[in-house]
Every structure is written in structure tokens, then in C-alpha cells.
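Following: one structure in C-alpha cells, then a few remarks.
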Amino acid sequence: MQAAEVARSQGKPGPEGPPDVSDTAVDLSRQGDVPGGRFHAHAVVPARLAPPPTSPLGLAGYSGPGPDLWFASCHGGAGTSTLAALIPHGRSAGRYWPTPEPPGRSRVLLVARSHVSGLSAAQAAARQWAAGVLPTVRLLGLVVVADAPGKRPKPLKDLLLLVSGGVPHVWDLPWVEALRLGTTPDQARLPSAYSRLAEDLNRIISEDAHA
């Protein structure tokens, strides 16, 4: 799959663009209908009241069929809404774990920037998931979006290596200057890492469908 096939023309800045307010809050009631039935949003639980060990993410419950993929932001401006626009079948959950009623199960990707605060927030979210307090969440992994161009400093490389040990998989997306300057994703020349992310997620969905 080519990156151009993944991108949708929605006039939104990419992951390297300005922070999107939808990364800090989410209204699941706006998700509406999805294939297979009616989506019903339930009450949300703020991060401070979520089951310990707590993280920057709250809980957003729902019933009925959800989307194939959820992108959960570990902090404001991580880029979940943009990734949801780039990846077919994906939707942003903002700074919440999407937690369906049993026997439902959500496929979730955490999203964080590659700076210290972003990776630390991702580490806290990964610990919360690993504690077993989110039984209806299937964490696919962590998407790390570069927070600056150029070579990543060694302290950040070491921190990312540490964080990666707590999640099933890590997708590392490089800086794209064109997206930062407002070029729409369908017009930007996206690095191959974006295509690989889309291909990996499509494969996971396909394998689940035939399991």
C-alpha cells in the first residue's frame, strides 16, 4: 500500500502540525453508526478516577460495535485525530481508553510524541494496560511521532527503548516538514514508515477477521 493510498484529503494538518484539541477530549457519542449496528457511548471516567496504576488516560465506555481501530492520545497534541484521518477504519479516542462492554473488545494504539514528556506519558499508559485493569482493551502497540527534525538525542533513544519493552509493538514515524507547514496528507510525500503502519494495521484486521 502506498502512502498516498492511505491519506485522505480532509484539510487537516498532519502529526507534525499544530496540536489538535480533539487529542485532549473526546465525545464518543459523535461516533454514530458503524457497520453492524448502533454505537452507544456511555459515561466517561476521568484519568484521576481510573483504575490504578493511573495514567494520563481516562476511560470512555461504549456498547455496540466500534470502529476497527482506536487511536488513544497519551497527551495533548500527540496526533491521534490526524492518524485517524490517515488510516482507514481508525478513529481518535482522544485522551481516553475506549472500553467496550463485554464481550466487546477494542483494538487500541497509543500515540505519543518522541519528547520526554510524551514518552513518559506513554510509559504510564502502558503500565496501566499491563496491570490488567482494562480487560476489554487489546493494545496493539505504540505509535511514536517525531517531535522535531533531525537525529534523535541518545537520552530519548534510551527512553524509547525502555518504553518499547512495555508494549506489544512500536511504530516510529519520522518528522514531515511539509505536514508541519500545512500541506494536506494526500499532497505530502510521506515517508515509508506511514505506509508500513497502514499495512501492518490492515494485516492485523484481516487476520482477526479470518481467525
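Points to keep in mind about this one:
- Counted residue by residue at 0.36 nm each, then reduced by the alpha carbon distance between them, the extension gain from Ala211 to His115 reaches 30.8 nm.
- Measuring nothing but protein heavy atoms, the accessible surface of region 156-211 at 1.4 Å probe radius is 52 percent carbon and sulfur.
- Ordering 153-161, 61-69, 89-97 by mean Cβ neighbour count within 10 Å, with the highest value first, yields 89-97, 61-69, 153-161.
- Ordering of 126-133, 100-107 by burial proxy (mean other Cβ atoms within 10 Å per residue, highest first): 126-133, 100-107
- In terms of packing, defined here as the mean over residues of other Cβ atoms within 10 angstrom, the peptides 43-53, 170-180 line up highest first as 170-180, 43-53.
The values are calculated or read from the model by the stated rules, or taken from the named source; none is laboratory data. Predicted model, so just to flag it, every value in this text is computed and none were measured. Cβ coordinates were reconstructed from backbone atoms using ideal geometry, including for glycine residues, and neighbour counts include every protein chain displayed. Protein only, heavy atoms only, side chains kept; ligands, DNA and RNA dropped before computing areas. Shrake-Rupley method; radii C 1.70, N 1.55, O 1.52, S 1.80 Å.
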